[in-house]
Amino acid sequence: MASTIAVLSQKGGTGKTTATRTLTDVFRRVDLRVLAVDLDPQGNLSDYLDVDPEASPTIGDVLSGRAKARSAVHDGIIPANLGLAEAELALGGKMGRELALKKALRDVSGDYDLIMIDCPPALGLLTVNALVASDHALISAEAQYFSLQGVEQALEVIELARENLNPDLEWLGVVLNIADMRTRHSREAFDSLRQHFGEKLLETTIRASIAYAESAERAVSILDYRPDLAADYLAVAEELLGRLGLDGPRRRARALANEVVGVS
Ligand SMILES: Nc1ncnc2c1ncn2[C@@H]1O[C@H](COP(=O)(O)OP(=O)(O)OP(=O)(O)O)[C@@H](O)[C@H]1O
Ligand SMILES: [Mg+2]
């Protein structure tokens, strides 16, 4: 059975989709079988991974019960489009509405080592579905003055999901994203997260760079587009694999970092 990781944040634009996409790429390069799930009606992850916009069925069809998850996998991703917003509305009126994704993913769980779910920028029903379907939650926090509050709100939703619907859900950690550690406000954001959340804050921060937008536009992985910057996500992947107890893949991630960036 796959381990499932939801990537979430309380606010928009914290780098969730970039993290989901890049970590999926790194995990695949260390020989894990990874399914990416786009759970955002914006469909950004589907774009990043270069899915045909007409690809069908999508996660919206899966959540509405019109398609099985396996039939919605296109090149390793279950894509999303605006139809997901409609599916979310329809789901809202149903019994067991928080469990729809969990039930749907049972169909494919045996085919993968990891399932990465990209959440929308709201802590609503879709994100709750992701948290109920997941074993782990990873919070992405942009390096801003208010990042602490955003993380606390995301944590409250994780806690609610755990108390009511998914007692096995674990908080994998929080990553400080889009950070410029040369600036005081990024450093202060890091320090306040460290103070509040201790070891839960990943040691590695993701540097801010325009190269992420450029590589997304070209649908090229940052590992190929800017190997020097890729050191950040490679190190995050290593930390996460360590936390997941996947030691073989963690060692391979280290070797990959060596190869891509020349880090030893
Ligand atoms: N490390 C980074 N440095 C600079 N820009 C970045 C970085 N990571 C992502 N971006 C850019 O920031 C924007 C938002 O990133 P992304 O789409 O990953 O965030 P998100 O949290 O998924 O957004 P949303 O909440 O809308 O889903 C994109 O233009 C992306 O290319
Ligand atoms: Mg996104």
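Read-outs: derived from the displayed coordinates by stated rules, not from any lab. All values derive from a computational prediction rather than experimental measurement. With ideal geometry, Cβ positions are generated from the backbone for all residues, glycine too; neighbour counts draw on all protein chains shown.
To keep it simple, each residue is scored yes or no on (1) farther than 13 Å from residue 117 by Cβ; (2) more than 16 Å from ligand 1 (Cβ to nearest atom); (3) of a type in the set (S, T, N, Q); (4) surrounded by fewer than 19 Cβ atoms within 10 Å (Cβ to Cβ).
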| residue | (1), (2), (3), (4) |
| --- | --- |
| 54 | yes, yes, no, yes |
| 57 | yes, yes, no, no |
| 62 | no, yes, no, no |
| 70 | yes, yes, no, yes |
| 74 | yes, yes, no, yes |
Query - Residue under evaluation residue 101, criteria (1) buried (at least 24 other Cβ atoms within 10 Å of the Cβ); (2) over 19 Å from the mean Cα position of the chain (by Cα); (3) hydrophobic (A, V, I, L, M, F, W, C), criterion not met - result: (2)
Report summary line: Filtering segment 75-119 for residues that are more than 16 Å from ligand 2 (Cβ to nearest atom) and outside any loop (DSSP other than H, G, I, E, B) leaves a count of 22
Query raised in the report: Which is over 13 Å from the mean Cα position of the chain (by Cα) and within 14 Å of ligand 1 (Cβ to nearest atom), of 123, 23?
Result: 123
Query raised in the report: Hey, among the residues in segment 134-153 that are in contact with a helix residue (DSSP H, G or I) (Cβ under 6 Å, 6 or more places away or on another chain) and in a strand (DSSP E or B), which one's surrounded by the most Cβ atoms within 10 Å (Cβ to Cβ)?
Result: 139
Query - Qualifying positions in segment 14-31 - over 17 Å from residue 78 (Cβ atoms), within 12 Å of ligand 2 (Cβ to nearest atom) and in a helix (DSSP H, G or I) - result: 18, 19
Query - Of the criteria (1) over 15 Å from residue 23 (Cα atoms); (2) in contact with a helix residue (DSSP H, G or I) (Cβ under 6 Å, 6 or more places away or on another chain); (3) basic (Lys, Arg), which one residue 250 fails - result: (1)
Report summary line: Scanning segment 154-193 residue by residue, the ones that are within 16 Å of ligand 2 (Cβ to nearest atom), of a type outside the set (Val, Ile, Thr) and in a strand (DSSP E or B) total 1
**Report entry** Breaking point among (1) closer than 18 Å to residue 174 by Cα; (2) within 13 Å of ligand 1 (Cβ to nearest atom), for residue 159
**Finding:** (2)
